[in-house]
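Since the structure comes first, as structure tokens, the remarks are kept for the end.
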Amino acid sequence: MTQSVEHSNLELVELRIPARPEWVALARLAAATVANRIHFSLEDIEDVKIAVAEACAAVIQHDAHGEFIDLTCEALEDALRVRVRDSGRHGIPAAGGVVNFEEARTAGLGIFVIRSLMDEVTYDVDARSGTDLTMVKRLQTPSDV
Amino acid sequence: MDIKVNVREAPGDCYVVDLSGEIDVYTSPKVKDAIGDLIDRGVYYLVINLEKVRYIDSTGLGVLIGGLKRVREHGGSVNLVCTNPQIKKIFDITGLVKIFGIFESEDAAMKVA
């Protein structure tokens, strides 16, 4: 008896990684794999990888980040939606903020890069609730190119 | 995932930093240390070869910007060698093409270092 496991068009990948630099490559790889599944071009896959890495780096560089980063990659019919949140924020004081100017400037650069590479970006960074960033990249049709 | 850093002396007061691999939030401290060590030794003319870099994010850009700021205080320069379109794209969208000298070959980068 043959049974297909692909009953739905929806492809959803959820990944929890420790909020540490050495794990960001895994988040990049996961997002790239989902983007590849819905036939993004190589260039667009690279854009997604960079955007995910920037989002993870923004979490990690925040001085009051949580223990984990939760990544959700959702393959829609004509787009990829990626959500990056930090979690495990136990006992983190309300007064957060970035430690130094150099890091703040780099973090701002990261958000700028994300906005440049992705089609839709919404994010909220709060010392108490953490980082919650959702970004969408639409699949290019031949007429778009 | 790793970054390889090789530093070599070039003609004049210039040093070349060869980078190979991925420059991200995990690997950029290693690049920062290599560039910082050179500047601490009084090397203010740097050519950073990105030809074998497959990936760079804003933390990597931050390291390069930091190095550039330091050498400029001494009248120095940081020139980049880069032909990878994906890497150049990051410099384009961030406007850093106007800040760094970006060259197609090491020879061209060293001529103006």
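If one computes P(r) from the Cα atoms of the protein assembly as shown, what percent of pairs lie at distances over 22 Å?
For the protein assembly as shown, the share of Cα pairs beyond 22 Å comes to 57 percent.
Hey, what did segment B:52-110 get for relative contact order, percent, Cα under 8 Å, at least 6 apart?
The value is 36 percent.
For peptide B:83-95, how many partner chain Cβ atoms fall within 10 Å of a residue's Cβ, on average?
For peptide B:83-95, the averaged partner shielding equals 3.
Arranged from highest to lowest average of other beta-carbon atoms within 10 Å per residue, in what order do the peptides B:7-19, A:48-60 appear?
Order by mean packing, descending: A:48-60, B:7-19.
I want to check the label-to-label distance for A:Asp126 and A:Thr33. Put each point 7 Å from Cα in the C-beta direction and report it in nm to one decimal.
Reported label-point gap for A:Asp126 and A:Thr33 is 3.3 nm.
What are the ³J(HN,Hα) couplings of segment B:60-77, residue after residue, when phi is run through the Karplus curve with 6.51, -1.76, 1.60 and θ = phi - 60°? Round to Hz, x for glycine and proline.
In residue order, the calculated couplings are x, 4, x, 5, 5, 5, x, x, 4, 4, 5, 6, 5, 4, 10, x, x, 8 Hz.
For q = 0.22, 0.24 Å⁻¹, what log10 I(q)/I(0) does segment B:1-64 give under the Debye formula with an equal point scatterer on each alpha carbon and no solvent?
Reported log10 I(q)/I(0), two decimals: -0.85, -0.99.
Out of all Cα-Cα pairs in segment B:15-106, roughly what percent, to the nearest whole number, are more than 16 Å apart?
Counting every Cα pair in segment B:15-106, those more than 16 Å apart make up 48 percent.
Net charge near B:Ala10, counting Lys/Arg +1 and Asp/Glu -1 over other residues with Cβ under 14 Å of its Cβ?
Around B:Ala10, the surrounding residues sum to -3.
No value in this document is a laboratory result; all are computed from the given coordinates. Just so it is clear, the structure is predicted and the values come from calculations on it, not from any experiment. Neighbour counts are summed over all protein chains in view; Cβ atoms, including those assigned to glycine, are modelled from backbone coordinates with ideal geometry.
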